Amino acid sequence: MFNGLVSYSDRHIAALQRSASTPAGTRTGKRFAVSTYVALLIVFWTGAVAVSLLFNISRSQTIAEQSALIQARTAFEKDIFYRRWNSGLGGAYVKVTDETQPNPYLADDPTRDIPGPGNVPLTKINPAYMTRLVHELGELKSGIRGHITSTKPIRRENAADAWEEKGLLRLQKGDVGEVAEIQFMDGKEYLRYISPLVTEESCLACHASQGYKVGDQRGGISVSVPMEPIRVGARAAVATLALSHAGMWFVGVLAFALGGVRLDRQMREREELRASKEAAERAAGAKSEFLAVMSHELRTPMNAVIGMTTLAKSAADIEKKNYCLDKIENASKHLLGIINDILDMSKIEANKLELSPTNFNFEIMLLDVMDVVNFRMAEKLLRFTASIDERIPAVLKGDSRRLAQVLSNLLGNAVKYTPRSGSISLEARLMSEDDTGCILQVRVVDTGIGIVKEALPRLFTPFEQAEGGISRKFGGAGLGLAISKRIVEMMGGRIWAESEPGKGSVFTFTIRAERGTVPDACPSADGNAPVDDDGVARVDTAGQFAGRHVLLAEDIELNREIVVTLLEPTGLTVDCAENGAEALRMFSAQPERYDLIFMDVQMPEMDGFEATRRIRGLDTPRAREIPIVAMTAHVFREDIERCLQAGMVAHVSKPLDHNLLMAVLKRYLPPCLNTVRPAQALRSPQVP
């Protein structure tokens, strides 16, 4: 049993660890901080990438303009080199064609026109004329416009336009060596460039008459580079930049996101480690508190059992012995109740607590619960009243034993915490009804010590009580209300409490139940004995089984002695076997001798399951007919089902209840006898 307590303690502590973890809001806040940090990084990264993209786009535009400027400078330098080459030779002769006519401005030059080989007429081309011809060819091939210009042009075609005039004036001032600007001409974008023409020695042949001297600025050459081809290349570069920056942005965002996930995981792990440490520290305290409570609750009735046993041994007076035995019985029942509560909580933790619906009389179930607490109320001089709504169906279908358990817990607590001469009332009313069933509400009201408002939410938590001093003053393991809450919820209802210190408490719960038929008088195949409507057998079997034989398979001598002693007044003859193998041999030798077999489950050499299967497999009709009743401390539903699957017909749990044991005998030896208890006058008019 101690191992069982420690096992349940571990499960309870695990629950405490879960509840003691860092509050969800704190964890969410930390994750929010990480996500915010990551979001800010992504925003910053997006801004940085956008700035970089805009900068590079702007730079690409600048590069495009610089490229156009380089082309313009190159074209200008080319013109200068051509002019110097031409002037250095004193001019160049070309064949006269429609495109190349004699220069009218060289009409005074006797060497302008000469015959060439084969008397082909040739004409002299001076630097200015050659420059103009090159500009015309360049515009046709590349779209780059060239223009030789001056503020005092000899040819009118060389007159400066408005932009060139402004540029020449700036060049004449000498504050700049060149002028470049983006301009639109004929609806198209051009980079316009102009640089000065400086008078050299070879230029005086034509321009000395204008008063120019060597070194004077006599005009300039402007170059207009079309921007559209360059812009096309720039736009392609911008598209490449956009794609590369988008890829860079995506990689950065992905890196930040993955980094944020990793950082969040690290922070969460660190927080979980911290929370686990705190939970472990709390759990250590909870485990100590749990063991202290359990030690107190188990040792108190054990102390009574041991103490009263010692007094009974030394007592000479039979009344004194009976007094001690009564106390031992009460303490043992209290101890069994604690163990049953722990087992119920274990089943709740394992999600194995189940209901067993049967037909039952609601009034009689209430009466039986009241009978259990009546003597305790009488001891404290408590006034008790009960009222039942007459609209509640007389017979309901549900788990009456579990419902009685809830009522016993509530009434027991009311008795425990209500001072002498106080009052307790129980009210049951019909809330609603339909074709499938009805909803009942039950209230237990007391004039006890009351509960502070802050402690109410903890009442239905395992091992919790309103205040630490309450358990020391009144006792209790703090399991009853937690079990009651689970049972009520399984019955489709809920439970709650209302209270104020010094003004008593009101515990209310609702359940949903089906309309029932006449209550079942005999047990079902799960092994419950024939019982009254409240689930407790009341039979008198003194001498009723004389002449019948029972085989008892039990490996513990003390347990055999107890069973034999309990069955002795019935007149039964009991043969004992110390294990399953011996029971099998005894039955095989005399199958017709025995009317019933009580079979323990855990035994050496051969357990009860195997012994039952072997007996059922014997080649004799009696082996298949004889009732085999499991007698074991295993009380879970799966244990009962395993017994039935092995071939047993019923289940009696240890420690043995005399009435239940006798009820099993009455069912399987003679025909089933009903023992129905008449209902007392309990119903009241409709509860408002």
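The values are calculated or read from the model by the stated rules, or taken from the named source; none is laboratory data. A quick note: this is a predicted structure, and the numbers were derived from the prediction, not measured. For neighbour counting, all protein chains shown are included, and Cβ atoms are generated from backbone atoms with ideal geometry for every residue, glycine included. Calculation scope for accessible area: heavy atoms of the full protein, side chains included, ligands and nucleic acids excluded. Shrake-Rupley method; radii C 1.70, N 1.55, O 1.52, S 1.80 Å.
Here are a few things to note about the model shown:
- A Förster radius of 35 Å combined with the Cβ-Cβ distance from residue 311 to residue 280 puts the calculated FRET efficiency at roughly 0.20.
- Surface accessible to a 1.4 Å probe, residue 52 within the full protein complex, Å²: 40
- Projected-area average for the stretch 350-426 over all orientations - Cα convex hull basis, square nanometres: 6.0
- Cβ-derived FRET efficiency at R0 45 Å, residue 266 paired with residue 141, nearest 0.05: 0.10
- Computed from the Cα positions only, the extents of the stretch 622-666 along the three principal axes stand at 28, 26, 11 Å, in decreasing order.
- When 58, 150 are compared by accessible area of protein heavy atoms, the largest-first order is 58, 150, using a 1.4 Å probe.
- Accessible heavy-atom area order of 639, 434, 98, highest first, probe of 1.4 Å: 98, 434, 639
- Two-site label geometry, residue 257 and residue 165: point separation in nm, points 7 Å out along Cα→Cβ: 6.4
- Note on residue 503 and residue 44: the extension gain reaches 158.9 nm, defined as 0.36 nm multiplied by sequence separation minus the Cα-Cα distance.
- Report note on the peptides 130-141, 265-276, 567-578: ranked by the mean count of other C-beta atoms within 10 Å, highest first, their order is 567-578, 130-141, 265-276.
- Evaluating 6.51 cos²θ - 1.76 cosθ + 1.60 at θ = phi - 60° for every residue in the stretch 599-606, the Karplus couplings come out as 10, 5, 8, 9, 9, x, 6, 8 Hz, glycine and proline recorded as x.
- Rounded to the nearest 10 square angstrom, residue 188 shows an accessible area of 130 square angstrom against a 1.4 Å probe.
- Legend: residues 85, 45, 249, 163, sorted from most to least accessible area (1.4 Å probe; ligands, DNA and RNA excluded), read 85, 249, 45, 163.
- A simple spin-label model places pseudo-atoms 7 Å from Cα toward Cβ; at residue 69 and residue 321 they are separated by 12.6 nm.
- Paramagnetic reach from residue 172 (point 7 Å along Cα→Cβ, amide N under 12 Å) across the stretch 116-132: none
- Contour minus Cα-Cα distance for residue 108 and residue 590 (0.36 nm per residue): 157.4 nm
- Here the spin labels are modelled as points 7 Å beyond Cα on the Cα-Cβ line, and at residue 425 and residue 391 they lie 1.9 nm apart.
- Rolling a 1.4 Å probe over the protein chains gives residue 55 an accessible area of about 130 Å².
- Taking each residue as 0.36 nm, the span from residue 340 to residue 119 lengthens on full extension beyond its C-alpha to C-alpha distance by 65.7 nm.
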